[in-house]
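The values are calculated or read from the model by the stated rules, or taken from the named source; none is laboratory data. All values derive from a computational prediction rather than experimental measurement. Here Cβ is always computed from backbone atoms with ideal geometry, including for glycine, and neighbour counts include all displayed protein chains. Keep in mind that these areas ignore ligands, DNA and RNA; they rest on the heavy atoms of the full protein, side chains included. Shrake-Rupley method; radii C 1.70, N 1.55, O 1.52, S 1.80 Å.
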Amino acid sequence: MLGGTITDLLWTTLWVEGGAGPLTDRLMGGIWSGLRRTADRHSRRLTLAGPLILVVSLSTWIALLWFGWTLLFASAANAVIEVNGPTTVTWVEKFYFTGYSLFTLGNGGFAPGGGIWKIATVLMTASGMLFITLIVTYVLSILGVVTQKQQFASNVSGLGTYSEAFVEAGWNGRELDGFDLPIETITTELNQLTVNHMAYPILHYFYTQRRQYSAVVSVAILDDSLTLLRFGVPQEHRPSSAILKNARSSVENYLEMVSDTFAQSDGTPPEPDLNRLRENGIPTTSEEDFTDALEELKMRRRKLHGLTDADARYWPRPEDE
């Protein structure tokens, strides 16, 4: 029990490329699935998922550490003795002894019985200090990356809450102007978000009711916007090819990181609307060329649709405004 708990704790908190440990991974999936079955999309109840998963995971680690050390000290009659008397130490008292030794320096009422148990007590106290400190650091780090996640989403939705509006934001009446810097900034933030998902898988379960702060929806908006800019707009009107390529590659990296963990959907999302761009005077490619490009991107867009569905979201469209 101690070995499995310590492995899961270190796996989750220290192994950046390992994702969540086996126990934590099952806890996260089970709690999220339970909330999804009892709550509608955009339900306030889903906002409890991240905090609840975090509290349950931390409580489970602490409880298993405590119980595991109790079992170890219960394996021998003389493992724990009462300082002021020769009476037999009960299970409850051994549970008490391991608890205060694990989380404090002890109060002297009970003591380890022999040489090997004294060493075990030192290891138990050291593990308590180490792992509690590690858990507190992990919680603080999680709160920081949740803020970064919402910042990325806000920057994307600030340009447009669906792909056509995102592209229209850069049209000055003659050309698509000023897109390079915003796309570069958003790409940098998306790369950071991808790395954070790798290090903190629980990040995906911090759900928000406010659509403009949803990272999954913002990635869908960004990818469809990049598709419009790359395949829906003539070459002479596009932003820098290098910037578009880098941004599209960042979306792909995000998909590879997140879609390996979360459910997929068989549905294909709605296609971006070139007619809306034309109505605003933005030059576009032919419908045939754009449709062919979307066909090549079908699997990529299905992955994104699967992520929005798994996150209890609808695909971002103009009617959602």
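Data table
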item: In sequence order, calculated HN-Hα J values of region 135-144 (Karplus, 6.51, -1.76, 1.60; Hz; x Gly/Pro); result: 5, 4, 4, 5, 4, 4, 5, 4, 4, x
item: Residues with amide H under 5 Å from that of V233, placed H, sequence gap 5 or more; result: T285
item: R0 of 45 Å, Cβ-Cβ distance H237-S154: FRET efficiency to nearest 0.05; result: 0.95
item: The chain, relative contact order in percent, only Cα pairs under 8 angstrom and at least six apart counted; result: 20
item: Between 0 and 90°, nearest 10: helix 180-199 axis offset from the chain longest Cα axis; result: 30
item: Gyration tensor verdict on region 174-270 (Cα atoms; rounded if a/c is under 1.5, prolate if a/b is larger than b/c, oblate otherwise); result: prolate
item: Rounded to 10°, Cα long-axis angle of helix 22-38 versus longest principal axis of the chain; result: 60
item: Extension reserve of the W91-M1 stretch, reckoned as 0.36 nm per residue once the Cα distance is removed; result: 30.6 nm
item: Of Q148, Q235, Q212, the one that fluctuates the most in a GNM where the chain has Cα springs shorter than 10 Å; result: Q235
item: Sites A293 and F67, calculated FRET efficiency, Cβ-Cβ separation with R0 56 Å, nearest 0.05; result: 0.45
item: Residues with amide H under 5 Å from that of F110, placed H, sequence gap 5 or more; result: V83
item: Globularity index of region 218-321, i.e. its alpha-carbon radius of gyration over 2.2 N^0.38 Å; result: 1.08
item: Solvent-accessible area, 1.4 Å probe, carbon plus sulfur percent, for region 49-149; result: 76
item: Projected label distance in nm at E256 and T188, using a 7 Å step from Cα toward the beta-carbon; result: 2.3
item: Integer Hz, Karplus 6.51/-1.76/1.60 couplings in order for region 300-306, x for Gly and Pro; result: 4, 6, 5, 4, 4, 5, x
item: Extension gain from R26 to I119, taking 0.36 nm per residue of separation minus the Cα-Cα distance; result: 30.1 nm
item: Accessible area of the chain divided out per residue, in Å², using a probe of 1.4 angstrom; result: 48
item: Region 191-321: relative contact order in percent, alpha carbon pairs under 8 Å with at least 6 residues between; result: 34
item: Residue-by-residue Karplus 3J(HN,Hα) for region 3-16, coefficients 6.51, -1.76, 1.60, Hz, glycine and proline x; result: x, x, 5, 5, 4, 5, 5, 5, 4, 6, 8, 10, 7, 4
item: Label point 7 Å beyond Cα of Q209 along Cβ direction - residues of region 15-53 with amide nitrogen under 12 Å; result: 42-48
item: Contour minus Cα-Cα distance for N172 and D273 (0.36 nm per residue); result: 34.4 nm
item: Two-site label geometry, V55 and T104: point separation in nm, points 7 Å out along Cα→Cβ; result: 2.5
